[in-house]
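Engineer: This is the structure I have questions about; it appears just below.
The values are calculated or read from the model by the stated rules, or taken from the named source; none is laboratory data. Note that the structure is a prediction, hence the values are computed from the model and not measured. Here the Cβ is made from the backbone with ideal geometry for all residues, glycine too, and neighbour counts use every protein chain on show. The accessibility values were calculated without ligands, DNA or RNA, using every heavy atom of the protein model including side chains. Shrake-Rupley method; radii C 1.70, N 1.55, O 1.52, S 1.80 Å.
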Amino acid sequence: MFERETYIQRRNALKKTVGKGLLLFLGNDWVGANYADNCYPFRQDSTFLYFFGLPFAGLAAVIDIDNDREIIFGNELTMDDIVWMGAQPSLREKCYLAGIQQVLLSGELEAYVKEAVRQGQRVHYLPPYRAEHSVRLWTLLGVQPLGAQPSLDFVKAVVNLRNYKTEEEVAEIERACRVTAEMHLAAMQAVRPGRYEYEVVAEIETVARRHNYGLSFPTIATVNVQTLHNHYHGNMIRSGDLFLTDAGAETEMGYAGDLSSTVPADGVFTPRQREIYDIQIACHEAAVAALRPGIRFEAVYDISARVIVEGLTALGLMRGDAEDAVREGAHALFYPHGLGHMMGLDVHDMENLGEIYVGHDGQPKSRQFGRRSLRLARVLEPGFVHTVEPGIYFIPELIDLWRSEKKFASFINYDRVEAYRGFGGIRNEEDYLITASGARLLGTKILKRAGEMEALRG
């Protein structure tokens, strides 16, 4: 946990922003994987962590602005709990570390909330993303599981606090990024023909565990790079393959790192792989060079997309004006996702609160294929932490569909594209902090140009 004053200040800022009412926070609980006592790894709700810092199951909280009360609801350990899990500080002692003085039993939450409703208080709650949260809201407020209408005042207030990372948060994220880089370096050394993807995954995740860190998301490690989020790890690595790792560490306090890297299985790129890799690196570097306060991240995305179009045009895969191609969306055959996302206590920070508020500042998202996948498009500001992760892919099913529809035929040379059908793809990713004057890489530099990557692999 941070110092208790950090959590007190965060809650005070939240109360000032929302102004009135009762703010309801539902912490997470243990969830059975295949029966009640065999649980998935516990992870506290990130907003609960942000305002209270308590990584323990079975808690809820209210900030009663109108009555100037902050209360944690939970239960002390029973003797059975102690027998199975060992002794711990009392709940009151834990709550003291978060600056919370009042602790009530879990069973008292319902009466407290219903009395607030009876008194005419507005009860603010956030979008539920777990079934047990929906059931809890139904019990407490009579909100039907499919009819939840979260408080936008609450959502926007949380987003406008969590989006701006403090120095202590940046330091914690940077710890995650350094370990994440170490995970990727281990993967680069482990990839070679004849090994299986799961063997590389073992090397990656061992690094995180060695630091007593978790994973910020399930590891992607695959020879099928054309599949953007491929979590299957059963393929053998073969000569000529490209291998993508997309993996991140999560610190003990819950802050995330997120990097991607693509390496040749043989240690050296084929001429065709190197051509595409060089375009992706040029695209990435152009995007990074454009990062600064005041620029819309969607404009940075457009820069990255134009570099890809220009590079693919030089190879005969595309044609025509690059700016026109990007505006129309022709680039998305090869670049069907966004450029990056906010990152912090969630690897896709606050995605449960809604991308439109976190990454789009309340503005509607584009409906254009590829561009509609932008998780971040808003004007960049100091304190934002986000990823930069352009990619180039050759997805056979997408190529076949667009070709059959003669889609963007004036921009795309489908006959030439056909020769790349089995190429796969390339994605590399880094994490950046927007500063007052520009941007700063977080963690250790691992992204390499082709010659440097080959030397590292050698």
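Engineer: Please list the equivalent ellipsoid semi-axes of the stretch 22-63, computed as the square roots of five times the alpha-carbon gyration tensor eigenvalues, in descending order and whole angstrom.
Structural biologist: Value: 23, 10, 6 Å, ordered largest first.
Engineer: Also, I was wondering about something else. Amide H neighbours of Val379 under 5 Å, counting only residues 5+ apart in sequence or on other chains, H built in-plane at 1.01 Å?
Structural biologist: Phe297
Engineer: Let me ask you something else. With a 1.4 Å probe and all protein chains left in place, how much accessible area per residue does the stretch 150-243 have, in Å²?
Structural biologist: On a per-residue basis, the stretch 150-243 sits at 43 Å².
Engineer: Which of the GluC sites (Glu not before Pro) found in the stretch 61-166 are loop residues per DSSP with 12 or fewer other Cβ atoms within 10 Å of their Cβ?
Structural biologist: Taking the stretch 61-166 and a limit of 12 other Cβ atoms within 10 Å, the loop GluC sites (Glu not before Pro) found are Glu76.
Engineer: For helix 271-290, what angle does its Cα long axis make with the longest principal axis of the chain, in degrees from 0 to 90 and rounded to 10?
Structural biologist: 50
Engineer: Same structure again: How much accessible surface area, in Å² rounded to 10, belongs to the heavy atoms of Asp266 with a 1.4 Å probe?
Structural biologist: So the heavy atoms of Asp266 present about 70 Å² to solvent.
Engineer: On C-alpha positions alone, give me the angle between the axis of helix 152-162 and the longest principal axis of the chain, in degrees, nearest 10.
Structural biologist: 70
Engineer: Using the Kirkwood radius over C-alpha pairs as Rh, can you work out the diffusion coefficient of the stretch 332-432 via Stokes-Einstein at 25 °C, viscosity 0.890 mPa s, in µm² per second?
Structural biologist: Here the translational diffusion coefficient equals 161 µm²/s.
Engineer: Then there is this: Taking the 0 to 90 degree range and rounding to the nearest ten, how far is the long axis of helix 197-210 tilted relative to the main principal axis of the chain, both from C-alpha atoms?
Structural biologist: The angle comes out at about 40 degrees.
Engineer: Shifting gears a bit: When all protein chains stay in place, what accessible area (Å², nearest 10, 1.4 Å probe) is found for Val123?
Structural biologist: Counting only protein heavy atoms, Val123 exposes about 20 Å² to solvent.
Engineer: Can I ask one more? Tell me, what HN-Hα J-couplings in whole Hz come from the Karplus equation 6.51 cos²θ - 1.76 cosθ + 1.60 at θ = phi - 60° for each residue of the stretch 26-40, using x for Gly and Pro?
Structural biologist: Taking θ as phi minus 60°, the curve returns 9, x, 8, 10, 5, 10, x, 7, 9, 6, 4, 8, 10, 9, 5 Hz for the stretch 26-40.
Engineer: Return the loop-located chymotrypsin sites (Phe, Trp or Tyr not before Pro) in the stretch 116-217 (DSSP other than H, G, I, E, B) with at most 16 other Cβ atoms within 10 Å of their own Cβ; answer none if there are none.
Structural biologist: Tyr129, Tyr164
Engineer: Still on this structure: Using only helices, what value at 222 nm comes out for the chain when you add -39,500 (n - 2.57) per DSSP H run of length 4 or more and divide by the total residues, to the nearest 500 deg cm²/dmol?
Structural biologist: Calculated from helices alone, the mean residue ellipticity at 222 nm is -11500 deg cm²/dmol.
Engineer: As an exercise, identify the chymotrypsin sites (Phe, Trp or Tyr not before Pro) in the stretch 349-428 lying in DSSP coil whose Cβ has no more than 11 other Cβ atoms within 10 Å.
Structural biologist: Sites meeting the loop and neighbour criteria: none at all.
Engineer: Stretch Asn235-Ala87 to full length: gain in nm at 0.36 nm per residue minus the Cα-Cα span?
Structural biologist: 48.8 nm
Engineer: Within the chain, what is the number of lysine pairs with alpha carbons under 18 Å apart, leaving out pairs fewer than eight places apart on the same chain?
Structural biologist: 6
Engineer: Can you tell me the length gained on complete extension of the stretch Ala148 to Gln363, counting 0.36 nm per residue apart and subtracting the Cα distance?
Structural biologist: Roughly 75.2 nm would be gained on extension.
Engineer: Roughly how far apart, in whole Å, are the Cα centres of the stretch 32-91 and the stretch 152-196?
Structural biologist: 24
Engineer: Same structure again: What percentage of the solvent-accessible surface of the stretch 17-79, computed with a 1.4 Å probe over protein heavy atoms, is contributed by carbon and sulfur atoms?
Structural biologist: C and S atoms contribute 51 percent here.
Engineer: Sticking with this one: Where the convex hull is taken over the Cα atoms of the chain, what is its projected area averaged over directions, in nm²?
Structural biologist: Seen from a random direction, the Cα hull of the chain projects 23.3 nm² on average.
Engineer: I would also like to ask the following. With charges only on Cβ, +1 for K and R and -1 for D and E, what is the dipole size of the chain about its Cα centre, in debye, rounded to 20?
Structural biologist: Here the chain has a charge dipole of around 840 debye.
Engineer: Still on this structure, please answer the following. What does the extension gain come out to for Asp324 and Tyr198, with contour length at 0.36 nm per residue minus their alpha carbon separation?
Structural biologist: 41.1 nm
Engineer: Quick one: order Ile72, Ile82 from most to least accessible surface, probe 1.4 Å.
Structural biologist: Sorted descending by solvent-accessible area, the residues read Ile82, Ile72.
Engineer: Can you list the HN-Hα couplings for the stretch 244-255, worked out from phi with the Karplus curve (6.51, -1.76, 1.60; θ = phi - 60°), rounded to whole Hz and with x for Gly and Pro?
Structural biologist: Result, ordered by residue: 9, 10, 10, 8, x, 9, 10, 5, 4, 8, x, 8 Hz.
Engineer: Rg and Dmax of the stretch 158-255, using alpha carbons, in Å: what are they?
Structural biologist: Using the Cα atoms of the stretch 158-255, the pair Rg, Dmax is 15.2, 49 Å.
Engineer: Something else now. Which value, in Å² rounded to 10, gives the accessible area of Arg178 with a 1.4 Å probe and all protein chains present?
Structural biologist: For Arg178, the solvent-accessible surface is approximately 120 Å².
Engineer: Tell me, what HN-Hα J-couplings in whole Hz come from the Karplus equation 6.51 cos²θ - 1.76 cosθ + 1.60 at θ = phi - 60° for each residue of the stretch 233-243, using x for Gly and Pro?
Structural biologist: With coefficients 6.51, -1.76 and 1.60, one gets 10, x, 7, 7, 7, 10, 4, x, 6, 9, 10 Hz.
Engineer: At what distance in angstrom do the alpha carbon centres of the stretch 376-409 and the stretch 282-323 lie from each other?
Structural biologist: Comparing the Cα centres of the stretch 376-409 and the stretch 282-323, I get a distance of 11 Å.
Engineer: Could you list which residues have their amide H under 5 Å from that of Leu339, counting only those 5 or more apart in sequence or on another chain, with H placed in the peptide plane?
Structural biologist: So Leu339 has HN proximity to Arg375, Leu376.
Engineer: How large is the dipole of the stretch 138-177 about the Cα centre if only Lys and Arg carry +1 and Asp and Glu carry -1, each at its Cβ, rounded to the nearest 20 debye?
Structural biologist: So the dipole magnitude of the stretch 138-177 works out to roughly 240 debye.
Engineer: Also, quick follow-up: Hey, what does the equivalent ellipsoid look like for the stretch 374-458, semi-axes from the Cα gyration tensor as sqrt of 5 times each eigenvalue, largest first, whole Å?
Structural biologist: They are 33, 21, 9 Å, listed from largest to smallest.
Engineer: Show the residues, 5+ positions off or on another chain, whose built amide H is closer than 5 Å to the amide H of Val143.
Structural biologist: Trp138
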